[in-house]
Amino acid sequence: MKKSADLKRLPFEAEDVLLALSERVRVARRARQLTQADLAAKAGIGLSTVVAIEKGAPTVQMGYWLAVLWALDLLQGFSTQVGQLGREEGDVALLEAQLPKRVRGASR
C-alpha cells in the first residue's frame, strides 16, 4: 500500500507546536512515573500510538491525543487553551453577532 507523502508535511509552525506538545506529554508521563505501556492502557489506546504521540507524529488522530491528555490529567488546561483559539480582544463578540445562524451549501 502506497503511503501519501503529504501526510508527513506540516507548516513549520505547526510542526514546532506538535513537537512541543509531544515533549510535554513525554515529560508529564515521566513525572507521573508511568511507562508508555501504562499510559496506553490508561488512555485505552495502543502502545505504538503512545510512541507516535511522544515522537510528534503528525498522523496520530486528534482523539488519541485527547485520550492521552485525559489520562495525564492535562485535558482541562488544554480545553482552556482551545477555547481561546481565534479570539482577539473584543473582536470575537462583534464577529459572532454578525455570523449567520446557519450555513447552507449551494443548491443544485
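A short reminder: the numbers here are calculations on the coordinates, not readings from a lab. Remember, it's a predicted structure, so these values are computed and weren't measured experimentally. Here the Cβ positions follow ideal geometry from the backbone for every residue, glycine too, while neighbour counts run over all protein chains shown.
The stretch between Q81 and R9, if pulled fully straight at 0.36 nm per residue, gains 23.5 nm over its current Cα-Cα span. Magnitude of the charge dipole for the range 10-98, about its Cα centre and with charges confined to Cβ atoms of Lys, Arg (+1) and Asp, Glu (-1), is about 620 debye. For the range 65-79, backbone nitrogen atoms closer than 20 Å to the point 7 Å from Q33 Cα along Cα-to-C-beta are found at 71-74. Evaluate the distance, in nm, between pseudo-label points positioned 7 Å from the Cα of T59 and of A97 along their respective Cα→Cβ axes. Result for the modelled spin labels: 4.8 nm.
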